[in-house]
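S.K.: Quick one: the structure is below, and I'll ask about it shortly.
The values are calculated or read from the model by the stated rules, or taken from the named source; none is laboratory data. Not measured: the values here are computed from a predicted model. Ideal geometry is used to build each Cβ from the backbone, glycine not excepted, and the neighbour counts take in all protein chains shown.
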Amino acid sequence: MKTFNFLVRLVVAVILLQTLYFKFGGVQESVDLFTKIVGPEHEAYLRITTGVLELIAGLLLLSRKGAVLGALTVVGLMLGAILSHILFLGIDGLFVAAVVALLGALYTLWVQRDDFNLNNLK
């Protein structure tokens, strides 16, 4: 069961990390996507910030101790991504990837719910 749990986290991490080339590289498709959401004047800020948060979340998911914090971050990011697709971008492969990542993060939170203790953060 531990192997399956790690594989779920790995899949979510790969989904997040494989998009970083597009976000950090300023690939035109990524620029266009974020421009549709916030306009050209703020596109780069949102694109880079999202990339940094996805990088951190992806790395946290790869460790058992950081998985809960990583999964919480993924839930927030993917809810934003799903909402953006519904409101601005349309349903496509990126939408499906966001749903898969959200489900994987929720699964991680469920499986590791005993690790989700605010007293452990002290």
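Here is a yes/no grid of residues against (1) acidic (D, E); (2) modelled with pLDDT under 95; (3) assigned to a helix (DSSP H, G or I):
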site	(1), (2), (3)
L10	no, no, yes
V14	no, no, yes
Y21	no, no, yes
E29	yes, no, yes
F34	no, no, yes
P40	no, no, no
G58	no, no, yes
L72	no, no, yes
G76	no, no, yes
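S.K.: Here is a list: L62, L33. Which entry is within 28 Å of F4 (Cβ to Cβ) and not polar (S, T, N, Q)?
M.R.: None of the others qualify; the one that does is L62.
S.K.: Among the numbered criteria (1) under 16 Å from the mean Cα position of the chain (by Cα); (2) part of a helix (DSSP H, G or I); (3) not β-branched (V, I, T), which single criterion is violated by S63?
M.R.: The failed condition is (2).
S.K.: Give me a count of the residues in the range 38-60 that are farther than 12 Å from V12 by Cβ and within 17 Å of the chain's Cα centre (by Cα).
M.R.: Going through the range 38-60 one residue at a time, the tally reaches 11.
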